[in-house]
Amino acid sequence: MEDAAAGFVHALVKEDYANAVRDFDDTMKKAMPAEKLEEAWRSLIAQAGAFQKQLGIHQQSVGPYEAVFVTCKFERATLDVKVVFDKAGRITGLWFVPPKVSYEYKPPAYVKKDFFQEEDVQVGAGKWMLPGTLTLPKGQGPFPAVVLVHGSGPHDRDETIGPNKPFRDLAWGLASRGIAVLRYEKRTKYHPKELARMKEGITVKEETIDDALAAVKLLRQRDDITPAKIFVLGHSLGGMLVPRIGMRDKDIAGFILLAATTRPTEDVILEQMAYIFGLDGKLSEDEKKQLAKMREQVARVKDPKLSPETSSSDLPFGVPAAYWLDLRGYKPQETAQSLKHPMLILQGGRDYQVTTTDFEGWKKSLSSRKNVTFKVYPELNHLFVAGKGKSTPAEYLTAGHVAEIVIKDIANWIKKQ
């Protein structure tokens, strides 16, 4: 399997995508045809820099599957290309992940581990059940609680990015201050094959909203949680979808939005790509081609003729038309105007993924509301980790923690509601 995985990576480096997908199983061929694989690889190169060399390879058995990790050095990062094989030697899964062996999570100083305990829980039921963790303060309950809703991508319950675990920071930090927190594996992380089978019909409802509502429902059923004090915190995509979550459940106590977009998702994606390509002060011919292709794909998203039959390979990152059609016309800041809930809207000043332009969009729509609070942290990035200078993708591979002031502000706001 190691030779096959190394050969697969070699095909990617040589941009021989047709050969690379040759050993995909049927599900992978449908979910990631050659053109989609090309987009994924080019997107990786855009963030991590040019491929330089293979550093190592190791294999791990995972139930009936064999996972092979090909450790690769790129210009700005070191990553594992995780290739999963079935017993027949067909590729049944592919991920680009930070090398796990490199990182050990060390809690920030503001975490008081003696102040809380954790419990394994299940969010939802049946086909889409998700494993989660409920972090409970010690002492006499019931407690106020927060559900954490992930950003885009197949995140685990800690929203792990490199050595950083912002959702664990939030859970442990808030529980140290007397607030219970529920976090869970994202559906795209825990049920990738099932979602791949319904890929052309997936929307943010299946990706995010349904599970957030199931998490709130779980907390309401517990005697150690105050039902009238259950809040939802959304980060990035999760924050953008907070108004939709609120429209589905009017009994949620309030909402916390971290780095939430107000502009169309396709525009934000294009802006992010242009920013990353421009970090070195110049655009290569390949980068110019990638930007031009992305502009074409963004134009198709906006085209009134976009239909469910439009090929996902013609759209940004191979995301299906149903997803884009579901978001068409959605203006989260305007939907939020119809919600009466208190809101706390926070933004990192160094965030290049979701910028202060989005934050100003929230302020423009909601600043007249007395129960909406806004705050920008000039030194924080998209993960609400402190830094200096221009933020870059490589910054996420340096260990850090959600800033203590963010934990304090969220906790104080919740206790005032």
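Data for the structure
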{"item": "Packing-based exposure ordering (other Cβ within 10 Å, fewest first) of E118, E66", "result": "E118, E66"}
{"item": "For the range 230-363, alpha-carbon Rg over 2.2 N^0.38 Å", "result": "1.17"}
{"item": "Amide H partners (placed H, <5 Å) of L344, local residues excluded", "result": "F255, I256, L257, T373"}
{"item": "Acute angle (nearest 10 degrees) that the helix 265-277 long axis makes with the longest principal axis of the chain, alpha-carbon atoms", "result": "60"}
{"item": "Residue order, fewest to most beta carbons within 10 Å, for K165, K250", "result": "K250, K165"}
{"item": "Qualifying trypsin sites (Lys or Arg not before Pro) for the range 197-235 [loop in DSSP, other Cβ within 10 Å: at most 14]", "result": "none"}
{"item": "Length-normalised contact order for the chain - Cα pairs under 8 Å, 6+ apart - percent", "result": "14"}
{"item": "Stokes-Einstein diffusion coefficient of the range 266-324, Kirkwood radius over Cα pairs, 20 °C, 1.002 mPa s, in µm²/s", "result": "178"}
{"item": "Dipole in debye (nearest 20) - the range 324-410, about Cα centre, beta carbon charges: Lys, Arg +1; Asp, Glu -1", "result": "340"}
{"item": "Fraction of beta bridges assigned by DSSP in the range 2-102 that are antiparallel (%, nearest 5)", "result": "95"}
{"item": "C-alpha long axis of helix 166-175 to longest principal axis of the chain, angle in °", "result": "20"}
{"item": "Angle between the chain longest axis and helix 210-220 axis [Cα atoms, degrees, rounded to 10]", "result": "30"}
{"item": "Sorted by Cβ density within 10 Å, fewest first, the residues H235, H341", "result": "H341, H235"}
{"item": "Share antiparallel - DSSP beta bridges, the chain, percent rounded to 5", "result": "60"}
{"item": "Volume in Å³ per residue [convex hull over Cα atoms, computed for the chain]", "result": "141"}
{"item": "Protection proxy ranking, peptides 238-249, 167-178, 353-364, average beta carbon neighbours within 10 Å, highest first", "result": "167-178, 238-249, 353-364"}
{"item": "Square roots of 5 times each gyration tensor eigenvalue, C-alpha, the range 318-357, largest first, Å", "result": "23, 19, 7"}
{"item": "CD proxy at 222 nm, helix term only [per DSSP H run n ≥ 4: -39500 (n - 2.57); per residue of the chain; nearest 500]", "result": "-10000 deg cm²/dmol"}
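Just so you know, all these numbers are worked out from the coordinates, no wet-lab data involved. Since we're looking at a predicted model, the values are computed, not measured. Positions of Cβ are backbone-derived with ideal geometry, glycine not excepted, and every protein chain shown enters the neighbour counts.
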